[in-house]
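Accompanying notes for the structure given below.
The values are calculated or read from the model by the stated rules, or taken from the named source; none is laboratory data. All values derive from a computational prediction rather than experimental measurement. Note that we place each Cβ from the backbone using ideal geometry, even for glycine, and neighbour counts take in every protein chain shown. To get the accessible areas, we keep the full protein, side chains included, count just its heavy atoms, and leave off ligands, DNA and RNA. Shrake-Rupley method; radii C 1.70, N 1.55, O 1.52, S 1.80 Å.
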There are 2 protein chains.
Amino acid sequence: MEYKEAKNKFVQTWGALGSQWGINKTMAQIHALLMVSNEPVSMEDIMEQLQISRGNASMNIRALMDWGIVYKEFKAGERREFFTAEKDLDELAVKISKERSKREIKPALKVLKEVSSIEASQNEEEKHFVEQTTKLYDFVLKADNVLDKITEYKDNWLARLVVKIMKK
Amino acid sequence: MEYKEAKNKFVQTWGALGSQWGINKTMAQIHALLMVSNEPVSMEDIMEQLQISRGNASMNIRALMDWGIVYKEFKAGERREFFTAEKDLDELAVKISKERSKREIKPALKVLKEVSSIEASQNEEEKHFVEQTTKLYDFVLKADNVLDKITEYKDNWLARLVVKIMKK
DNA sequence: ACAAACTTTCATTTTTTTTTGAAAGTTTAA
DNA sequence: TTAAACTTTCAAAAAAAAATGAAAGTTTGT
């Protein structure tokens, strides 16, 4: 396998993986492309390499910047904008965790708290509902706190976690 | 808020959360419904409560059983089948981790290994590609191992993890 | 062996998500 | 201030994913 083929395979695979985790394919592909580029890439290049339209490129780059994992770069003497991806994987994981927590987990927690707080009657069915949603709330809250803690370590949290977990 | 409203809100929210994580909405809703039911539920009931077709119900229940998080139950003297969800949240997390690892992470690792093993020329661009994909491979491998380890603890891994992580 | 009571399958339809591309907007240099 | 060089927006089109429902399949009781 030579470089071009490998790069393409990587971009495709990363895109597919993204969509299995609720991230749109193009967004994941753009990210993949930027991850393995040693130089900032222009929108024109992204469009060409991924064969996508200007609008699509623009919107997905914007989304990646909103996630804080892609940055604009300016090159001296160049009018157009270039983009780079966050390449430090620890940093990347931290940012993704933070965003998903903020956008998805926190709102879900709010609902879980609400629904687990209803006045349960004698009814077995209702009692079970309250019990189960309460457990779920506690569980999700704990999991979310783990994410928060992870972001505090910042550097190499995964390696540290591995060490801790591995020693039984 | 009374029970029925709360239950509905929970099912809707769980469904929405599912789709943000790459799980189809109905599948997540069925799971939600079964999670908070104290009794096994028939397909008929699922169809009615979620207002979905028989085919849809059948296929998504099947998918949930393939994930190992929903079980068939037989009631004495009843012809039709009933379903229950895994209600132990630790067990649920373990099963989901295992499946996602098997279905998504392992295949991605294979590709990462492949593409990071190309013969890199002198070319800076190619060198960077190999370097970056190698780092990614190591990172994903470590993360996947964490998932594996988690499944070994089985009981209350999250609580243990919290303790470990919390004490700085 | 039959038929009633169910469940599964899958071609077709519907819904949702993503992409396109042209018009509108912005920035910069002269 | 103008216009060239870009980027963003968003209504419409296309593509992808999910849902339907009727026919086929299966199981069970008699």
So the label point sits 7 Å from Cα along the Cα-to-Cβ vector; using that for A:V146, what distances do you get to the other copies, in nanometres, sorted shortest first? 0.8
In debye to the nearest 20, how big a dipole does region A:37-168 give about its Cα centre with +1 on each Lys and Arg Cβ and -1 on each Asp and Glu Cβ? 380
Candidates A:Q132, A:Q122, A:Q12; GNM for chain A (alpha-carbon contacts under 10 Å) flags as most fluctuating A:Q122
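Just tell me how shielded B:2-10 is by partners: mean number of partner chain Cβ atoms within 10 Å of each residue's Cβ, no decimals.
Details: counts 4, 10, 2, 2, 12, 6, 1, 5, 9.
Partner Cβ neighbours, averaged per residue: 6.
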Excluding same-chain residues fewer than 8 positions from A:K98, which aspartates and glutamates have a Cα within less than 18 Å of its Cα? A:D66, A:E86, A:D88, A:D90, A:D144, A:D148, A:E152, A:D155
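If the viscosity is 0.890 mPa s and the temperature 25 °C, what Stokes-Einstein diffusion coefficient in µm²/s follows for the protein assembly as shown when Rh is the Kirkwood radius over Cα pairs?
On the way: Rh = 22.2 Å.
For the chosen part, D equals 111 µm²/s.
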Selection from B:A57, B:V146, A:N8 lying farthest towards where the dipole of the protein assembly as shown points positive, charges on Cβ: B:V146
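Assign unit charges at the C-beta atoms only (+1 for Lys and Arg, -1 for Asp and Glu), then state the dipole size of the protein assembly as shown relative to its Cα centre in Debye, rounded to the nearest 20. Mind dumping the intermediate values first?
Numbers: 56 positive and 54 negative charges, 109 e Å.
Magnitude of the dipole: close to 520 debye.
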Using only helices, what value at 222 nm comes out for chain B when you add -39,500 (n - 2.57) per DSSP H run of length 4 or more and divide by the total residues, to the nearest 500 deg cm²/dmol? -21500 deg cm²/dmol
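Could you work out the local net charge near B:R80, counting Lys and Arg as +1, Asp and Glu as -1, over the other residues with Cβ closer than 15 Å to its Cβ?
Details: positive: B:R54, B:K72, B:K75, B:R79; negative: B:E39, B:E44, B:D45, B:E48, B:E73, B:E78, B:E81.
My count for the surroundings of B:R80 gives -3.
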With label points built 7 Å along Cα→Cβ from the Cα atoms of A:K72 and A:V146, find their separation and express it in nm. 3.8
Relative to the other copies, what are the label-point distances for A:M59, with labels 7 Å from Cα along the C-beta vector, expressed in nm at one decimal and sorted shortest first? 2.6
Size of electric dipole in region B:3-85: Cβ of Lys, Arg +1 and of Asp, Glu -1, about Cα centre, debye, nearest 20: 120
How far is B:Q12 from the same spot in each other copy, in nm, shortest first, if each label point sits 7 Å from Cα toward Cβ? 4.1
Could you look at chain B and say what percent of its accessible area is carbon and sulfur, using a 1.4 Å probe and all protein chains? 51
